[in-house]
Amino acid sequence: MEGNKEPKSPEWWAQRAWSLLSAVRRQSPLVQCITNFVSMDLMANTLLSAGASPAMLHTLEEIPDFTPHAHALCLNVGTLSAAWLPAMKLAADVATKAGKPWVLDPVAAGASGFRLKACLELVELRPTVIRGNGSEIIALSNASLHPAKGVDSSHESTDAVKSAKALAQATGAIVAVSGAVDIITDGKRVVGAHNGVAMLQRITATGCSVTALIAAFIAVDQSRALEATAAALSVFGIASEIGMNMANGPATLRMHLIDSLHGLDEDAVTSRVKITGFCDEK
Amino acid sequence: MEGNKEPKSPEWWAQRAWSLLSAVRRQSPLVQCITNFVSMDLMANTLLSAGASPAMLHTLEEIPDFTPHAHALCLNVGTLSAAWLPAMKLAADVATKAGKPWVLDPVAAGASGFRLKACLELVELRPTVIRGNGSEIIALSNASLHPAKGVDSSHESTDAVKSAKALAQATGAIVAVSGAVDIITDGKRVVGAHNGVAMLQRITATGCSVTALIAAFIAVDQSRALEATAAALSVFGIASEIGMNMANGPATLRMHLIDSLHGLDEDAVTSRVKITGFCDEK
Amino acid sequence: MEGNKEPKSPEWWAQRAWSLLSAVRRQSPLVQCITNFVSMDLMANTLLSAGASPAMLHTLEEIPDFTPHAHALCLNVGTLSAAWLPAMKLAADVATKAGKPWVLDPVAAGASGFRLKACLELVELRPTVIRGNGSEIIALSNASLHPAKGVDSSHESTDAVKSAKALAQATGAIVAVSGAVDIITDGKRVVGAHNGVAMLQRITATGCSVTALIAAFIAVDQSRALEATAAALSVFGIASEIGMNMANGPATLRMHLIDSLHGLDEDAVTSRVKITGFCDEK
């Protein structure tokens with residue numbers, strides 16, 4: 001048995017990332033996505049290029065028939081509306097009851113009271129993983145811990161790692177914070193995924209798409225969701241690094257990112273994975 | 001008068017495909033699309049690159065004013081919801097009554113009872129063409145012939161060609177089944193369109209987009225919808241073959257596919273069209 | 001003080017365009033977009049590649065919290081529905097009351113009575129800029145001046161420049177008409193922006209995207225919206241001209257357009273800007 005609190009070696013992570021990508025390609029997990037309108041195209045193509053099977057299906061009436069057949073679920077509140085929220089909540093509930101892993105992307109969680117409340121309701125349905133950028137995780141963490149304060153939580157923590165750990169502890173979810181280094185935590189262990197390029201921030205929906213890739217990775221290894229999440233973030237980052245070598249700007253990067261994700265081989269993955277941790281920070 | 005039940009020569013098909021693409025470019029038919037959120041971008045760009053005029057217009061209130069002006073209609077249930085279905089049905093009804101051809105893409109027809117029921121209701125409004133993959137056509141055909149059995153039609157036919165012929169006979173529509181070879185049938189005649197590349201399956205919305213291209217082709221020759229459908233499938237496949245020569249993966253293929261469709265000339269089309277048939281199978 | 005009715009020199013326009021693009025990159029204005037489903041991806045990527053911050057947020061419940069924080073607003077009726085219109089109207093109202101500039105893109109304004117009525121209601125909320133193609137501006141102008149006649153305004157003006165001037169005078173908005181030469185007017189002054197390539201018409205959502213770029217430009221200089229609108233149209237056109245040098249068709253152009261917009265430097269902008277006017281036409 002491997003020690004959960006010991007830092008893994010670079011070789012362990014390299015093999016783990018390749019092993020999970022290979023499993024996604026082999027098993028082609030069905031990933032149901034209820035996501036924003038902006039990201040649907042890139043998200044579906046990200047899943048396809050990684051070898052998974054996307055299903056962009058958001059209608060309340062279809063959830064009871066369809067969601068039990070999905071291997072993982074990806075919920076993203078980017079263009080949330082009151083009309084879509086019930087389907088998200090039902091899908092999360094069906095997935096949790098069926099033992100299927102699911103990921104929440106709390107896009108712009110602090111942008112409105114409506115949105116923050118919706119995110120909190122989804123968090124209560126027990127996502128396996130929550131992935132966002134620093135301000136999203138901070139907003140959600142503060143609101144989770146101090147729900148009465150609403151969007152205006154300026155007196156609360158503004159440190160993304162502390163917020164991520166607190167959110168993970170409060171919810172039981174793995175929490176991932178995207179940034180120059182991606183941080184992944186279960187509330188105790190903290191892992192850093194160092195792959196990726198800055199220009200991803202100039203392409204819409206890349207954050208949404210890596211969240212969907214996390215869903216595909218946890219679909220093939222639900223039992224170690226922290227490791228699968230870190231591996232997905234690293235693999236997506238590697239594809240962007242390789243793509244960046246061929247890119248002249250955001251649009252060529254977006255294209256080569258998808259091609260690179262499709263074409264990744266064992267050597268490209270294992271030689272580039274850069275994941276560090278675990279550290280048992282207070 | 002040409003014999004409808006005689007196999008056409010390769011030269012006949014080559015000239016027919018080029019002639020129809022030329023007519024689309026010359027006439028620029030207005031194709032109204034009520035389609036899923038994932039496919040809107042690629043579908044509109046497919047129509048534009050072929051020379052047609054897309055109109056992505058889905059609102060119930062606008063159908064009576066707008067649909068009579070369209071030259072063809074494309075309905076796609078990919079991200080169907082209860083809110084969108086009435087507009088689809090009204091548009092189909094208006095198109096049929098105005099003598100305008102329309103195409104149905106029954107995406108994931110068997111994914112839920114809600115979706116299958118909606119597809120059956122649309123089929124009753126008499127589409128000119130129905131295009132799907134094998135499992136979609138099998139699900140729809142079984143449900144059309146045995147409506148009481150719902151989604152669970154595992155005891156019914158699982159042979160796509162037989163299902164397509166049965167669906168065509170039951171509905172009066174041309175039925176096309178996408179696959180390694182695309183099959184097109186009116187219930188008696190069966191035509192195979194052999195162009196295309198396997199990597200199209202790794203790009204979201206390519207199936208949806210070829211359905212829209214079929215709508216553009218039948219807009220310029222409604223009287224021979226089977227031939228127009230086969231030609232559209234072949235032309236799209238040819239564009240993908242030319243694009244594949246420049247592609248490094250799904251994203252570059254998607255780009256070069258559109259450029260190639262835009263740039264196709266007579267020689268590229270006529271030298272590559274590969275359509276076989278008719279065979280009068282039982 | 002510069003004379004508003006004097007034609008500006010080519011050098012003035014070149015410096016103005018570069019100065020505004022630089023300000024967008026430096027300030028990264030938050031541009032809220034309530035737009036059609038087809039354009040969301042390209043619009044967001046256009047704003048990101050220009051250095052702005054897009055927010056695709058359309059939900060009624062969120063407008064009061066969010067819209068006051070946006071620096072500009074972009075409304076586009078491309079896939080308008082009754083469900084989305086109230087949020088558009090509320091956002092326009094909030095923006096106007098908060099003194100934030102906003103742009104209206106009246107896509108296919110004349111396509112239905114429902115759509116034309118919605119556009120007229122939005123125009124009454126006092127957009128800073130209205131941008132459309134010739135037929136859209138003509139339809140909207142005729143309907144604004146003669147509201148009783150509805151969509152069928154065939155007896156009214158069919159001259160886009162005259163219609164644009166009349167619409168600007170009636171509404172107080174800057175009106176831009178896209179075409180071989182883009183025309184921008186405040187009802188008295190008329191400016192022509194001559195950059196761009198014809199193939200943009202074969203790419204969906206390029207018109208929508210340049211409207212969003214106008215919103216970003218007026219966000220950084222609201223006091224001279226006519227000049228900012230002309231500069232945005234010219235800069236987008238320049239990016240397309242540079243992109244066209246690398247393009248083989250609509251899809252490669254779309255990609256290189258975004259990369260070029262991201263990479264534009266002072267020399268590329270100032271050497272290529274071609275804006276003429278003002279002319280005080282009757």
Quiz item: In the range C:127-174, what residues are among the basic types (K, R) and either touching a His at 6+ places or on another chain (Cβ under 7 Å) or at pLDDT 80 or above (or both)?
Solution: C:R131, C:K162, C:K165
Quiz item: Of the residues that sit in the range A:40-74 and are in contact with a Pro (Cβ under 8 Å, 6 or more places away or on another chain) and more than 11 Å from chain B (Cβ to nearest Cβ), which one is farthest from C:M43 (Cα to Cα)?
Solution: A:H71
Quiz prompt | Cβ pairs under 9 Å, 6+ apart, first in the range B:110-126 and more than 7 Å from chain A (Cβ to nearest Cβ), second basic (K, R) | solution = B:A118/B:K89; B:E121/B:K89; B:L122/B:K89; B:L125/B:K89
Quiz item: Condition test on B:A70, is it touching a Ser or Thr at 6+ places or on another chain (Cβ under 8 Å), of a type in the set (G, A, S) and in contact (Cβ under 8 Å) with a residue 24 or more places away in the chain?
Solution: no
Self-check item: Criterion (surrounded by 23 or more Cβ atoms within 10 Å (Cβ to Cβ), under 16 Å from A:V190 (Cβ atoms), within 17 Å of the chain's Cα centre (by Cα) and more than 14 Å from chain C (Cβ to nearest Cβ)) met by exactly one of A:A230, A:A239
Solution: A:A230
Quiz item: If you scan the range C:167-205, which residues turn out to be in a loop (DSSP other than H, G, I, E, B), touching a Lys or Arg at 6+ places or on another chain (Cβ under 8 Å) and either more than 25 Å from C:K100 (Cα to Cα) or of a type in the set (S, T, N, Q) (or both)?
Solution: C:H194, C:N195, C:I203
Quiz item: Can we say B:S223 is free of Cβ contacts under 8 Å to residues at least 12 places away in the same chain and small (G, A, S)?
Solution: yes
Quiz prompt | Options B:E124, B:E136; residue that is buried (at least 24 other Cβ atoms within 10 Å of the Cβ) and over 29 Å from C:V77 (Cβ atoms) | solution = B:E136
Quiz item: Yes or no: C:A216 farther than 19 Å from C:A14 by Cα, of a type outside the set (S, T, N, Q), touching a helix residue (DSSP H, G or I) at 6+ places or on another chain (Cβ under 7 Å) and crowded, with 23+ Cβ neighbours inside 10 Å?
Solution: no
Self-check item: Exclusive hit being touching a residue at least 40 places away in the same chain (Cβ under 8 Å) and either in contact with an Asp or Glu (Cβ under 8 Å, 6 or more places away or on another chain) or farther than 18 Å from C:S53 by Cα (or both), set C:L75, C:L90
Solution: C:L75
Quiz item: Would you say B:F217 is touching a residue at least 40 places away in the same chain (Cβ under 8 Å), among the aromatic types (F, W, Y) and either in contact with a strand residue (DSSP E or B) (Cβ under 7 Å, 6 or more places away or on another chain) or farther than 30 Å from A:G263 by Cβ (or both)?
Solution: yes
Exercise. Filter the range B:3-39 down to residues that are basic (K, R), in a helix (DSSP H, G or I) and over 14 Å from B:I275 (Cα atoms) and give me whichever is farthest from the other protein chains (Cβ to nearest Cβ).
Key: B:R26
Practice problem: Kindly indicate whether B:R272 is in contact (Cβ under 8 Å) with a residue 24 or more places away in the chain, among the charged types (D, E, K, R) and facing another protein chain (nearest Cβ under 9 Å). | Solution: no
Quiz item: Of the residues that sit in the range A:244-262 and are more than 13 Å from chain C (Cβ to nearest Cβ) and touching a Ser or Thr at 6+ places or on another chain (Cβ under 6 Å), which one is surrounded by the most Cβ atoms within 10 Å (Cβ to Cβ)?
Solution: A:L261
Exercise. Determine which single condition A:V77 fails, assuming it passes every other condition in (1) more than 10 Å from chain B (Cβ to nearest Cβ); (2) more than 18 Å from the chain's Cα centre (by Cα).
Key: (2)
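The values are calculated or read from the model by the stated rules, or taken from the named source; none is laboratory data. These figures come from a predicted structure and were not determined experimentally. FYI the Cβ positions are ideal-geometry reconstructions off the backbone, even for glycines, and counts take in every protein chain you see.
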